[in-house]
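The values are calculated or read from the model by the stated rules, or taken from the named source; none is laboratory data. Note that the structure is a prediction, hence the values are computed from the model and not measured. Cβ coordinates were reconstructed from backbone atoms using ideal geometry, including for glycine residues, and neighbour counts include every protein chain displayed. Only protein heavy atoms, including side chains, enter the accessible area calculation; ligands, DNA and RNA are left aside. Shrake-Rupley method; radii C 1.70, N 1.55, O 1.52, S 1.80 Å.
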Amino acid sequence: MPSSAALGVAPTANAPARRPARRSLSTLPFLAPSVIVLLLWMIVPLAMTLHFSFIRYNLLNPALGGFAGWSNYEFLLTDPALWTALANTLLLVGWVLVITVGLGTLLAVLFDQDFPGRGIARLLVIAPFFVMPTVSALIWKNLMMHPINGVMAFVSRSLGFTPVDWFAEFPLTSVIIIVAWQWLPFALLILLTAIQSLDHEQREAARMDGAGPVSMFVFIILPHLGRAIGVVVMIETIFLLTVFAEILVTTSGGPGLATTNLAFLIYMRALLEFDVGGASAGGVIAIVLANIVAFFLVRAIARNLAT
Amino acid sequence: MQSTRSRIVHAALGWTVALVMFFPIFWMLLTGFKTEMDAIATPPTLFFAPTLENYAEVHQRADYLRFAGNSVVISFAGTALAIALAVPAAYAMAFFPTKRTRSTLLWMLSTKMLPPVGVLVPIYLLARDSGLLDTRTGLVIIYTLINLPIAVWMLYTFFKEVPHEILEAGRMDGAGPRQELVHLLLPLAVPGIASTALLLLILCWNEAFWSLNLTAANAAPLTAFIASFSSPEGLFWAKLSAASTMAIAPILVLGWFSQRQLVRGLTFGAVK
């Protein structure tokens, strides 16, 4: 913030401190609506999920009821489907992170260079981020990855390979490719913004000292990107933990459980099997997982807020 | 200054990446103008007699306009409501910070971390019992709530950049907080509010968890309409492509205009 003196305005910096009590009191009506609705949004469903996870509750069987103790959790934790779903969730999140952050960093460096038509090329690269998930998933599943009529099948036939039946042979990999395509632009955009905030004099100085492109990348750019990469990883993790639409419209979790992640498992338990208790126990597990990530994310952002 | 050779290498690499990333969207655009026969032809046809038949048919048979109408109404209402709630809150925190401001901001952010599947069951049951299941009002309420923290954060970072001196001057003239907000801050903050609204609009338009789980015939927006093409009987690639093109075109254009704001909004000001 520029100081008031620098702008030639009479110094009034001490004005807010003069009547702090009246000030904070009078702003309460401004803040209250947002705080109240968010508080309700956070507490009511959370309390209900916790409550449901400890009772017997099936929408198809009204006779069932009563306190269930830990049995919903026991049933869930001893169900192999949960562990498959957790493994799929981790594979999906992990691989998409590796692909988007790895490629995103390289592409950010590339798009930081000046070349003819860079502005338009950048628009084309970030376009996938604005495509709604159901469209991305169906376009990839049919137009791109279809084993007979898809573009990828055509390309592999032209090169003399046997076309791959993506969703039958590598279902989880196919979902990972689609989700990575959607999120690569996000990583690129954030990392590019971060690179461009790098001090030009610092880069000039490094170049003067004889730093080549590789050492420039390793010693100047990567350290500068550290925090931005951290932010990308955490925000993507929060969204990727609950990938849902892409799975629903391509594989419906199958074949078998091959593409069922935690989000899809909870959806099946709740809205296909109507087992509210079991689905809620799964929900609690999802919330705990997300909170572990959120804890670190909030800390990273809080550090930035201090300025 | 870079050498000409490295510029050529960068251009070749950059354009290759751009074309590969954009190819599925380009191919979808093209397929939307093909006949169903051309759409599944192999080898794929690049040159064909374009037809507008798919667009006409999607409009007539699939009742496209009702889904599009739902998308427009829900996105705009959800955005407007979130902005209306967020502006006063961001104003209070940016200009009258107290000891609790910092923790309030971080708490609002943390509500965004709650995974939607974790509360799917209670929200579904609450919506059913209050008659909001499969209504536009139900989705508007959900979208307002999930986007409110982003709106408050983005507006907060924009308001922080407005010179305090201007508001101080108004205060000296006897303006209360309400007049100060309406007459002094809002005119200055129009660009910031507009870019916040743009981002919220994009997020609402593309939201595909609650829209798929809480709507059926009545209130289904375009995300759900496209999902209805996933049924395995028959391949209607040309119609799928035409419908998809119509569903993403407006938001893609808006998205291109809002790249910078997107970074600020989605990283909660952590990367500028």
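Return the residues of region B:1-36 that are under 15 Å from B:ALA242 (Cβ atoms), of a type outside the set (Asp, Glu) and open to solvent by 40 Å² or more (accessible area, probe 1.4 Å); say none if nothing qualifies.
B:PHE26, B:LEU29, B:PHE33, B:THR35
Report the residue count in region B:185-209 for those that are over 20 Å from B:PHE76 (Cα atoms) and open to solvent by 50 Å² or more (accessible area, probe 1.4 Å).
Within region B:185-209, residues that are over 20 Å from B:PHE76 (Cα atoms) and open to solvent by 50 Å² or more (accessible area, probe 1.4 Å) number 2.
Counting only residues that are within 14 Å of chain B (Cβ to nearest Cβ) and small (Gly, Ala, Ser), which one in region A:197-222 is most open to solvent (accessible area, probe 1.4 Å)?
This residue is A:SER197.
Considering region B:106-152 alone, what residues qualify as being at the interface with chain A (Cβ under 7 Å from one of its Cβ atoms) and not in a helix (DSSP H, G or I)?
Selection gives B:MET113, B:LEU114, B:PRO115.
For the condition within 28 Å of B:ILE123 (Cβ to Cβ) and at pLDDT 75 or above, what is the one hit in B:ALA219, B:ALA242, B:ALA238, B:ALA249? Before the answer, list the steps.
On the way: B:ALA242 fails: within 28 Å of B:ILE123 (Cβ to Cβ); B:ALA238 fails: within 28 Å of B:ILE123 (Cβ to Cβ); B:ALA249 fails: within 28 Å of B:ILE123 (Cβ to Cβ).
Only one candidate qualifies: B:ALA219.
Restricting to region A:161-196, name every residue that is of a type in the set (S, T, N, Q) and either outside any helix (DSSP H, G or I) or within 14 Å of chain B (Cβ to nearest Cβ) (or both).
The initial filter retains those residues of region A:161-196 that are of a type in the set (S, T, N, Q), namely A:162, A:173-174, A:182, A:193, A:196.
If the condition is that a residue be of a type in the set (S, T, N, Q) and either outside any helix (DSSP H, G or I) or within 14 Å of chain B (Cβ to nearest Cβ) (or both), then A:THR162, A:SER174, A:GLN182, A:THR193, A:GLN196 are the ones that fit.
Limited to region A:122-164, what total is found for residues that are in contact (Cβ under 8 Å) with a residue 60 or more places away in the chain, under 17 Å from B:SER231 (Cα atoms) and of a type in the set (Val, Ile, Thr)?
Within region A:122-164, residues that are in contact (Cβ under 8 Å) with a residue 60 or more places away in the chain, under 17 Å from B:SER231 (Cα atoms) and of a type in the set (Val, Ile, Thr) number 1.
Restricting attention to region A:249-262, and to residues there that are closer than 21 Å to B:VAL121 by Cα and touching a residue at least 40 places away in the same chain (Cβ under 8 Å), which single residue is surrounded by the most Cβ atoms within 10 Å (Cβ to Cβ)? Walk me through it before giving the result.
We begin by selecting, within region A:249-262, every residue closer than 21 Å to B:VAL121 by Cα; these are A:249, A:252-253, A:260-262.
The next check asks that each one be touching a residue at least 40 places away in the same chain (Cβ under 8 Å); those that pass are A:249, A:260-262.
Numbers: A:VAL249: 24, A:THR260: 23, A:ASN261: 31, A:LEU262: 26.
Going through the qualifying residues, I end up with A:ASN261.
Quick test of your reading of the structure: B:TRP237 fulfils all but one of (1) under 22 Å from B:SER71 (Cα atoms); (2) within 11 Å of another protein chain (Cβ to nearest Cβ); (3) touching a residue at least 60 places away in the same chain (Cβ under 8 Å); (4) open to solvent by less than 10 Å² (accessible area, probe 1.4 Å). Name the failing condition by number.
(1)
Residue check: is B:ARG128 within 28 Å of B:VAL263 (Cα to Cα), without any contact (Cβ under 8 Å) to a residue 12 or more places away in the chain and over 25 Å from the mean Cα position of the chain (by Cα)?
no
Identify all residues within region A:93-121 that are part of a helix (DSSP H, G or I) and either free of Cβ contacts under 8 Å to residues at least 24 places away in the same chain or within 7 Å of another protein chain (Cβ to nearest Cβ) (or both); write none if there are none.
Taking region A:93-121 first, the residues part of a helix (DSSP H, G or I) are A:93-112, A:118-121.
Residues satisfying the conditions are A:GLY94, A:VAL98, A:GLY102, A:LEU106, A:LEU107, A:LEU110, A:PHE111, A:ARG118, A:GLY119, A:ILE120, A:ALA121.
Mind telling me which of the residues A:GLY65, A:GLY69 ends up being without any contact (Cβ under 8 Å) to a residue 60 or more places away in the chain, loosely packed, with under 15 Cβ neighbours inside 10 Å, in contact with a strand residue (DSSP E or B) (Cβ under 9 Å, 6 or more places away or on another chain) and part of a loop (DSSP other than H, G, I, E, B)? Explain how you work it out, then say what you get.
Values: A:GLY69 fails: in contact with a strand residue (DSSP E or B) (Cβ under 9 Å, 6 or more places away or on another chain).
It is A:GLY65.
B:VAL73 passes all but one of (1) free of Cβ contacts under 8 Å to residues at least 60 places away in the same chain; (2) surrounded by fewer than 24 Cβ atoms within 10 Å (Cβ to Cβ); which number fails?
In the conditions (1) free of Cβ contacts under 8 Å to residues at least 60 places away in the same chain; (2) surrounded by fewer than 24 Cβ atoms within 10 Å (Cβ to Cβ), B:VAL73 misses (1) alone.
With A:GLY230, A:GLY256, A:GLY277, A:GLY283 as the choices, which residue is in contact with a helix residue (DSSP H, G or I) (Cβ under 9 Å, 6 or more places away or on another chain) and modelled with pLDDT of 85 or more? Let's see the steps before the verdict.
Details: A:GLY230 fails: modelled with pLDDT of 85 or more; A:GLY256 fails: modelled with pLDDT of 85 or more; A:GLY277 fails: modelled with pLDDT of 85 or more.
That would be A:GLY283, the only listed residue that is in contact with a helix residue (DSSP H, G or I) (Cβ under 9 Å, 6 or more places away or on another chain) and modelled with pLDDT of 85 or more.
For region B:84-116, which residues satisfy the criterion of being within 30 Å of B:ASN218 (Cβ to Cβ) and open to solvent by 20 Å² or more (accessible area, probe 1.4 Å)?
Step one: of region B:84-116, the residues within 30 Å of B:ASN218 (Cβ to Cβ) are B:84-86, B:111-112, B:114-116.
Hits for region B:84-116 are B:ALA84, B:LEU85, B:LYS112, B:LEU114, B:PRO116.
State the number of residues belonging to region A:107-127 that are open to solvent by 10 Å² or more (accessible area, probe 1.4 Å) and over 19 Å from A:ASP199 (Cα atoms). Reasoning before the result, please.
Of region A:107-127, the ones open to solvent by 10 Å² or more (accessible area, probe 1.4 Å) are A:107, A:109-110, A:112-114, A:116-120, A:122-124.
The next check asks that each one be over 19 Å from A:ASP199 (Cα atoms); those that pass are A:107, A:116-120, A:122-124.
The qualifying residues number 9.
Which residues, counting only those in region A:133-174, are farther than 17 Å from A:THR250 by Cα and among the aromatic types (Phe, Trp, Tyr)?
A:PHE154, A:PHE161, listed by residue number.
Of these, A:ILE247, A:ILE235, which one is facing chain B (nearest Cβ under 9 Å), outside any loop (DSSP other than H, G, I, E, B) and under 25 Å from B:LYS112 (Cα atoms)? Before you say what the answer is, go through the steps one by one.
Details: A:ILE247 fails: facing chain B (nearest Cβ under 9 Å).
None of the other options fit; the residue is A:ILE235.
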